[in-house]
Amino acid sequence: MPFPSMKTLAVRSGVSERQVQRAINRLDELGLMKRVKRKTKGIIASNAYDLNPLTEILSEVASAFPNEFPRKIRLVREDSSKESE
């Protein structure tokens with residue numbers, strides 16, 4: 001389970017920590033995620049976030065609405081036989 005701090009989420013999202021708190025509270029109220037309290041050596045650490053409820057809902061949506069145009073993903077491998085320039 002991921003456990004980024006509110007500050008990390010805010011910085012990466014480009015919003016304030018308060019906005020992140022509101023969003024997490026709303027997702028929790030809607031049942032789309034669950035907060036899991038963590039402790040490290042008895043000290044309270046940042047919450048972990050259980051996203052299983054969200055993934056279950058998205059799996060149901062994906063099965064109900066299959067993609068008509070699935071993406072073709074190609075793996076790009078570095079060719080070791082190329083000469084360095």
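The values are calculated or read from the model by the stated rules, or taken from the named source; none is laboratory data. All values derive from a computational prediction rather than experimental measurement. Heads up, the Cβs are rebuilt from the backbone with ideal geometry, glycines too, and the neighbour counts pull from every protein chain shown. For the accessible areas, the whole protein counts, side chains as well, though only heavy atoms, and no ligand, DNA or RNA atoms are used. Shrake-Rupley method; radii C 1.70, N 1.55, O 1.52, S 1.80 Å.
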- Query: Based on what the data block shows, is Asp28 in a helix (DSSP H, G or I) and either modelled with pLDDT under 90 or of a type outside the set (Phe, Trp, Tyr) (or both)?
  - Reply: yes
- Within region 62-75, is there a residue that is part of a helix (DSSP H, G or I) and open to solvent by less than 70 Å² (accessible area, probe 1.4 Å)? yes
- Note on the structure: For Tyr49, the lone unmet condition from (1) among the aromatic types (Phe, Trp, Tyr); (2) open to solvent by less than 70 Å² (accessible area, probe 1.4 Å); (3) over 15 Å from the mean Cα position of the chain (by Cα) is (3)
- Query: Does any residue in region 40-53 that is more than 22 Å from Ala10 (Cβ to Cβ) come within less than 8 Å, Cβ to Cβ, of a residue that is open to solvent by 90 Å² or more (accessible area, probe 1.4 Å) and at pLDDT 85 or above six or more places away or on a different chain, and which pairs are these?
  - Reply: Asn52/Lys34; Pro53/Lys34
